[in-house]
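Visitor: Shown below is the structure under consideration.
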Amino acid sequence: MDLSLPRELVALGEEARRVGEAAARKRPHLDDPWIAGFDREFSEELGRRGWLGMTWPAEVGGRGLSPLHRFVVTEALLMVGAPIAATWVADRQIGPTLIAHGSPAQQRRYLPPMIAGTVTWCIGMSEPDAGSDLASIRTRAIDADGGFVIEGRKIWTSFAEHADHCYLVARTGEPGRGHAGLSEFIVDLDAPGVAVRPIVDATGAAHFGELELDGVRVARDRLVGRRDESWRQLMGQLERERAGLDRLLSNRALYEDARALADRTDPRVRDEIARLETGYALGRLLVLREVLGQAPPSFSAATKVFCTEHEQRVASFATRVFGAQALLGGRAARAAMYASAYTIQGGTSAVLRNVIAERLLGLPKG
Ligand SMILES: Cc1cc2nc3c(=O)[nH]c(=O)nc-3n(C[C@H](O)[C@H](O)[C@H](O)COP(=O)(O)OP(=O)(O)OC[C@H]3O[C@@H](n4cnc5c(N)ncnc54)[C@H](O)[C@@H]3O)c2cc1C
């Protein structure tokens, strides 16, 4: 089977790589570019180049290109550590969710700034007592004056401090009804009643935060899709969140630097590099299958487990190659400290293995 890309796409990938490298040089380190590389100026450049909303239909302002076009551009940008965080969530999942479930008015209002790269979104799913088990979300949206009043808390919200809008899941039905009665809202983070508190992670960075929503009023036209029926919308969104190259390439730049430094005269090191290269090649094929719509429903759980566990093996390899430097701080220490996040964010490996067992293999619920 010939898996090589057409010449036009190879050229597009090379162009994206050059552009990404120039932007990456301004970063303090190259790792985790889609979560730690926040740069609004570069986002606007992505917009000017037509590299946001690439696959979205022309009727909503997108370019109507194939998923492979987006694949080659994002692959090149991630590989070189380009700072794509400011628009990543919108381009990866919120825009496609609004295209699938948003009203025409919502699409007209919210998609153009995403395509221009001038806006940042965050995802308000997790709560202090509802991470893996999203069905136990307690944040409530109560009917009031023709709209809703939102009360509750969200946590681990990536980009909360910088975001303009939050795509927030709240309970509109009766409390305690599990996944029934959840709805999705667009909440402006400068609205009265929204408080954002940054959370410092183990690496010393504060890319995520906690949101407190105290009597936040939202108009009825901020409800996305069907009231009380968020669950199905949410599952579609999680498939996008789990199945992309960001789950494979977060620390690819680190890997390449570690490989260059590693003692390749040692057969054990060569063996480890061979296993990592094989893991990377397999992960890339899994993601390609998702991107091309060839993976079965829920298979994103398996793709994410495989790819993020690969990222952790990369971090472990780099830590050993950098040796004592990894204890002294700097990039190698950061990589080692951050690695546990790969198999937590977007659903933990333990929980996704349950999804694989129940939904893909048809095993009984544990
Ligand atoms: C870097 C980072 C960025 C994030 N960004 C966002 C964001 O932008 N928006 C957002 O909404 N959330 C975000 N999250 C939150 C993330 O989705 C949750 O942390 C994750 O889903 C796990 O939930 P939890 O932390 O509540 O852990 P818990 O659900 O409390 O899990 C604790 C432990 O129990 C295990 N466990 C739980 N249930 C089961 C089960 N049924 N079977 C077996 N084991 C189980 C888990 O595997 C885990 O080891 C982010 C997290 C990280 C680390």
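The values are calculated or read from the model by the stated rules, or taken from the named source; none is laboratory data. Worth saying up front: this structure is predicted, and the values here are computed from it rather than measured. So basically every Cβ, Gly included, is an ideal-geometry build from the backbone, and we count neighbours across all protein chains shown. Each accessible area value is taken on the protein alone, full model and side chains, heavy atoms only, with ligands, DNA and RNA left out. Shrake-Rupley method; radii C 1.70, N 1.55, O 1.52, S 1.80 Å.
Residue-by-condition table, conditions (1) among the aliphatic types (A, V, I, L, M); (2) more than 14 Å from Ile123 (Cβ to Cβ):
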| position | (1), (2) |
| --- | --- |
| Gly176 | no, yes |
| Asp190 | no, yes |
| Val200 | yes, yes |
| Leu213 | yes, yes |
| Arg240 | no, no |
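Visitor: Would you pick out the residues in the stretch 38-59 that are surrounded by 20 or more Cβ atoms within 10 Å (Cβ to Cβ) and in a helix (DSSP H, G or I)?
Guide: Matches in the stretch 38-59: Phe42, Ser43, Leu46, Gly47.
Visitor: Now for a separate question. Among the numbered conditions (1) within 16 Å of the ligand (Cβ to nearest atom); (2) on the phi > 0 side of the Ramachandran plot, tell me where Ile94 comes up short.
Guide: It is condition (2) that Ile94 fails.
Visitor: Quick check on my filter: what residues within the stretch 324-360 are closer than 30 Å to Ser298 by Cβ and away from the ligand (no atom under 13 Å from the Cβ)?
Guide: Of everything in the stretch 324-360, those that are closer than 30 Å to Ser298 by Cβ and away from the ligand (no atom under 13 Å from the Cβ) turn out to be Arg359, Leu360.
Visitor: Taking the conditions exactly as written (surrounded by 18 or more Cβ atoms within 10 Å (Cβ to Cβ) and within 20 Å of the chain's Cα centre (by Cα)), does Val73 satisfy them or not?
Guide: In short, yes.
Visitor: Residue check, Leu134 against (1) touching a His at 6+ places or on another chain (Cβ under 9 Å); (2) modelled with pLDDT of 95 or more, all met but one. Which one?
Guide: Result: Leu134 passes all but (2).
Visitor: Name every residue in the stretch 126-161 that is more than 12 Å from the ligand (Cβ to nearest atom) and either among the β-branched types (Val, Ile, Thr) or within 16 Å of the chain's Cα centre (by Cα) (or both), in order of residue number.
Guide: Listed by number, the residues that qualify are Ile142, Val149, Ile150.
Visitor: Do any helices (runs of 4 or more DSSP H) lying entirely in the stretch 78-167 carry at least 3 residues that are open to solvent by 40 Å² or more (accessible area, probe 1.4 Å) and out of contact with any Leu (no Cβ under 7 Å at 6 or more places or on another chain), and which ones are they?
Guide: Passing ranges, in order: 95-101, 104-116.
Visitor: Identify, please: which residue in the stretch 317-366 is under 30 Å from Arg270 (Cα atoms) and of a type in the set (D, E, K, R) and is, among those, surrounded by the most Cβ atoms within 10 Å (Cβ to Cβ)? Can you show your working first?
Guide: Quick first cut of the stretch 317-366, residues under 30 Å from Arg270 (Cα atoms) only: 317-344, 349.
Narrowing further to those that are of a type in the set (D, E, K, R): 320, 331, 334.
Working: Arg320: 15, Arg331: 18, Arg334: 22.
If we take residues in the stretch 317-366 being under 30 Å from Arg270 (Cα atoms) and of a type in the set (D, E, K, R), then Arg334 is surrounded by the most Cβ atoms within 10 Å (Cβ to Cβ).
Visitor: Follow-up. Does Glu311 satisfy being assigned to a helix (DSSP H, G or I), open to solvent by 50 Å² or more (accessible area, probe 1.4 Å) and within 13 Å of the ligand (Cβ to nearest atom)?
Guide: So Glu311 does not fit the description; no.
Visitor: Right, next: Looking at the stretch 169-199 only, could you name the residues that are of a type in the set (A, V, I, L, M, F, W, C), touching a helix residue (DSSP H, G or I) at 6+ places or on another chain (Cβ under 9 Å) and at pLDDT 95 or above? Write out each step before concluding.
Guide: Step one: of the stretch 169-199, the residues of a type in the set (A, V, I, L, M, F, W, C) are 169-170, 180, 182, 185-187, 189, 191, 194-196, 199.
Among the residues that remain, those that are also touching a helix residue (DSSP H, G or I) at 6+ places or on another chain (Cβ under 9 Å) are: 169-170, 180, 182, 185-187.
Within the stretch 169-199, Val169, Ala170, Leu182, Phe185, Ile186, Val187 meet the criteria.
Visitor: I'm trying to understand the selection: among the residues of the stretch 8-37, which are open to solvent by less than 10 Å² (accessible area, probe 1.4 Å), of a type in the set (D, E, K, R) and on the phi < 0 side of the Ramachandran plot?
Guide: Across the stretch 8-37, the qualifying residue is only Asp31.
Visitor: Separate question: Residues Val321, Val287, Val291: which one is among the aliphatic types (A, V, I, L, M), away from the ligand (no atom under 15 Å from the Cβ), over 30 Å from Arg232 (Cα atoms) and in contact (Cβ under 8 Å) with a residue 40 or more places away in the chain?
Guide: Details: Val287 fails: over 30 Å from Arg232 (Cα atoms); Val291 fails: over 30 Å from Arg232 (Cα atoms).
Answer to the selection: Val321.
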